[in-house]
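*Asks:* Here it is, the structure in full.
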């Protein structure tokens, strides 16, 4: 009987640990994790900004200034960053039960971690303002040359048209995108584009990048 009781206690503790771990890992910002408050789980897009970047090393990029020259090999694309307001939504509190210290598996949530509350990306158009090559003269849409990455650290990416098709039914998850042309220009080293974003809510945002010399 003693052995049976000990084994039963052992099983209960193991089950409690297994159940308690995901509960602790799923904890939202609270005092146990020493997380500060957030403005909101979701974001609402109100505008956008564009910046061109050069890669300095594996972990560092710098903004390119107007008319600054950059080699294509170190050019790191255009960062499209949405201007956003954060939206808070009352959420159900997680259970407080856990046999594991909050020092393990605590992860603080960031503003807007749940993505856009309402908006999907209906269309994104990139238009060159200079003669790029014979097939893409000034005023031409160059979506077929644009690779989209989720961030500068993303080693992969996908062409813009594929990206639009793959995420047409999903709310926007991050307030930024990286857009990079897949080759350097042939006819004119001046590289300047207009980016137009159309959202499922009917909002339309349009900005022009600074001019860079892409060599």
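*Asks:* When residue 186 is evaluated against the numbered criteria (1) more than 24 Å from residue 54 (Cβ to Cβ); (2) exposed (fewer than 13 other Cβ atoms within 10 Å of the Cβ); (3) touching a strand residue (DSSP E or B) at 6+ places or on another chain (Cβ under 7 Å), which criterion, by number, is the only one it fails?
*Replies:* Condition not satisfied by residue 186: (1).
*Asks:* A follow-up question, please. Quick one: count up the residues across the range 162-179 that are under 22 Å from residue 74 (Cβ atoms) and buried (at least 18 other Cβ atoms within 10 Å of the Cβ).
*Replies:* Count: 3.
*Asks:* Suppose we filter the range 57-94 for residues that are without any contact (Cβ under 8 Å) to a residue 40 or more places away in the chain and in contact with a strand residue (DSSP E or B) (Cβ under 6 Å, 6 or more places away or on another chain); how many remain?
*Replies:* Of the residues in the range 57-94, 4 are without any contact (Cβ under 8 Å) to a residue 40 or more places away in the chain and in contact with a strand residue (DSSP E or B) (Cβ under 6 Å, 6 or more places away or on another chain).
*Asks:* Same structure again: Residues that are within 18 Å of the chain's Cα centre (by Cα): list the strands (runs of 3 or more DSSP E) wholly contained in the range 136-215 that include at least 3 such residues.
*Replies:* 146-149, 176-181, 193-199
*Asks:* A follow-up question, please. Determine which single condition residue 169 fails, assuming it passes every other condition in (1) more than 23 Å from residue 206 (Cβ to Cβ); (2) without any contact (Cβ under 8 Å) to a residue 12 or more places away in the chain.
*Replies:* Every condition holds for residue 169 apart from (2).
Any read-out appearing in this document is the output of simple, stated calculations on the displayed coordinates, not a laboratory observation. Given the structure is predicted, the values throughout are model-derived calculations rather than measurements. Every residue, glycine as well, gets a Cβ built from its backbone with ideal geometry; the counts of neighbours run over all protein chains shown.
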